[in-house]
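Structure, as structure tokens:
The values are calculated or read from the model by the stated rules, or taken from the named source; none is laboratory data. Predicted, not measured: the structure shown is a model, and the values here were computed from it. Cβ coordinates were reconstructed from backbone atoms using ideal geometry, including for glycine residues, and neighbour counts include every protein chain displayed. In case anyone asks, the SASA skips ligands and DNA or RNA and just uses the protein heavy atoms, side chains included. Shrake-Rupley method; radii C 1.70, N 1.55, O 1.52, S 1.80 Å.
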Amino acid sequence: MTSSASTPTVASPERERELGRWAVAYGVLALLTMAVSARLWWASPLRLTRFEFDYFLGLFHDTPWAVDAVLWGRGLQTVLMLGLGGLYLGLVRRLMAAPEAWSNRSVARCIAALSLVFALGLPWVSPDVFYYIGTGWLEAHYGLNPYLDVMARVPGAAKEPMFANVFPAFLQGVTPYGPVFQKLAAAVALLSGGHEKLALALFKGVFLALHAGNCWLVYQLAPAAWRRVALLAYGANPLILFSVLTCVHNDHLTNFSVLAALVLLRRGGWFAAGAALGVAFSCKYFPVVFLPAFAAAAWCQARLEGRPPVWPSLRLVAGFAAVALGAQLVYPGSVAKFTSMASSGFDVYRNSVHHLIVLLLGGAHGLSDYGQVLQRAFIASYPVLLLAFWPRLRRAPFEACVQLCLTTTLAYFVLANACNQEWYLTWLMGLAFIQARGAAWRLALWLSVAFVPLVIFTVKSHPFVGILANTALYLILAGGVLDYLRRLRAEPLPAGA
């Protein structure tokens, strides 16, 4: 029982009330989860990063039971996150069963309320936002290049309020992010006037706006019969809301650009689609791997329409190159940083195949011993995936492009990526929820519920607990990917638009 977004429907009062009860329960539990960290909005000075991965963020730091409180807090966060995931899943499944029970406006109100609740919390897990604030201030206030200069070398850096919550090791490094995001960070820092909390609030405001934009793009891209459910599944997703609005990770700018590129690709705006993908690459570098899939989709779409296929593909690549190269020229040193990241990656290990290897070998080798081999395995898998998806691309270029982008990302996470952070999983969610229900939805819902509860154990734990937690999260991811691939093979080839 489905309904098009443009077709008026009559909602069942009982189903509408049931959805409302689930939404209220979800919102109340989210508010309780965020309340502990939200108290620090009133703290002066703000001292947060030293207590990262402590759910209570130092609330019991000066008490005799400080160590026990950290352990109890981690257990409590696990229970709370499992509860949030369960309520989210129940809410989405009830709307799946009766999409007419809520209007689009009701879904939007639910998403808006949940987004604001999650945004109230401060980042108690991986507060990288303070690094964004610091590098933005390095550029906006000190006039330094964040690709060549580091915060630690600024005179008086130890007393600079905008650097106060930057993770100490990060003070020594140049920015790993793309030029487009770096310009956003500089603008936010400038608007904050040197007030760290205001900069944090401004970043949350920007990411709230981007979340609204991403929800709209998901709604536009999803199959008409499932748009309302896709909107709720994406917009109310606890993994997304926690990663982007509570912990303020910057992935939504990349996600917005990729989804916008897909909208333009479907409309046949080849150059514009490539340019949007270039913006995504200029925020975080990974979307460059989507370029062959987009170019192949443009080629196959032109073939289906009886037109010469080479020009759409060339226009798309030209759009990407124009934006990507233009952005790199803004900052001397940014090209060198990109090539360094592409060749050697980022020396952080989290929830990855590296942990599984170390656990299986009993610690005989280090986490970094297999990086080059695993990277080559992913590179070798790419042409294999492109050939495997070619029949799908020839039949339904856009739908197959989305599937190929999702599958390529999953292959990277499982085979090569040393750092499968929870916010990286937001890359998958839009690509999954804009597809027809099936393997991709099952994977996205599984990761949305199962991944975040264990994250708090992956850092600052006993070494054995840490390796177990990181390995368990990798297995949660890898198991979901294997199930997705099995189910995708059994699904019929997508029908063209």
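Remarks
- The one condition in (1) modelled with pLDDT of 95 or more; (2) among the hydrophobic types (A, V, I, L, M, F, W, C); (3) open to solvent by 50 Å² or more (accessible area, probe 1.4 Å) that Ala324 fails to fulfil: (3)
- Residue in segment 275-295 that is most open to solvent (accessible area, probe 1.4 Å), counting only those that are of a type in the set (A, V, I, L, M) and touching a Ser or Thr at 6+ places or on another chain (Cβ under 9 Å): Val279
- Looking across segment 418-442, the residues that are over 15 Å from the mean Cα position of the chain (by Cα) and at pLDDT 95 or above come down to Ile434, Gln435, Ala439, Ala440, Trp441, Arg442.
- Residues satisfying the stated conditions in segment 80-108, i.e. open to solvent by 40 Å² or more (accessible area, probe 1.4 Å) and either within 18 Å of the chain's Cα centre (by Cα) or over 15 Å from Ala230 (Cα atoms) (or both): Leu82
- Test: residue in segment 9-29 that is β-branched (Val, Ile, Thr), open to solvent by less than 70 Å² (accessible area, probe 1.4 Å) and modelled with pLDDT under 95: yes
- Scan of segment 447-471 for residues that are surrounded by fewer than 18 Cβ atoms within 10 Å (Cβ to Cβ) and assigned to a helix (DSSP H, G or I), ordered by number: Pro463, Phe464, Val465, Gly466, Leu468
- The selection criterion, being of a type in the set (A, V, I, L, M) and not in a helix (DSSP H, G or I), does not hold for Leu477.
- When Pro176, Pro168, Pro146, Pro161 are checked against the criterion of being open to solvent by less than 40 Å² (accessible area, probe 1.4 Å), farther than 21 Å from Phe256 by Cβ and not β-branched (Val, Ile, Thr), a single residue qualifies: Pro146.
- Restricting segment 327-349 to residues that are among the hydrophobic types (A, V, I, L, M, F, W, C), at pLDDT below 95 and in a helix (DSSP H, G or I), the residue that is nearest to Val465 (Cα to Cα) is Met341.
- Selected residue [within 25 Å of Ile456 (Cβ to Cβ), at pLDDT 90 or above and open to solvent by less than 70 Å² (accessible area, probe 1.4 Å)] from Ser381, Ser352: Ser352
- Selection of segment 186-205 for residues being in a helix (DSSP H, G or I), surrounded by fewer than 17 Cβ atoms within 10 Å (Cβ to Cβ) and touching a residue at least 12 places away in the same chain (Cβ under 8 Å) yields Ala187, Leu190.
- Residue match in segment 62-77 (condition: open to solvent by 20 Å² or more (accessible area, probe 1.4 Å), of a type outside the set (Val, Ile, Thr) and touching a helix residue (DSSP H, G or I) at 6+ places or on another chain (Cβ under 8 Å)): no
- Meets criteria (at pLDDT 95 or above, of a type outside the set (D, E, K, R) and open to solvent by 20 Å² or more (accessible area, probe 1.4 Å)) for Tyr484: no
- Of all the residues in segment 51-72, those that are within 16 Å of Ser126 (Cα to Cα) and part of a helix (DSSP H, G or I) number 2.
- Here Pro238, Pro292, Pro287 are screened, and the one residue that is more than 30 Å from Glu52 (Cα to Cα) and touching a residue at least 24 places away in the same chain (Cβ under 8 Å) is Pro292.
- Among residues that are open to solvent by less than 20 Å² (accessible area, probe 1.4 Å) and either free of Cβ contacts under 8 Å to residues at least 12 places away in the same chain or under 21 Å from Phe389 (Cβ atoms) (or both), Ala490 is not included.
- Subset of segment 415-442 [closer than 13 Å to Tyr484 by Cβ, open to solvent by 10 Å² or more (accessible area, probe 1.4 Å) and not basic (Lys, Arg)]: Gln435, Gly438
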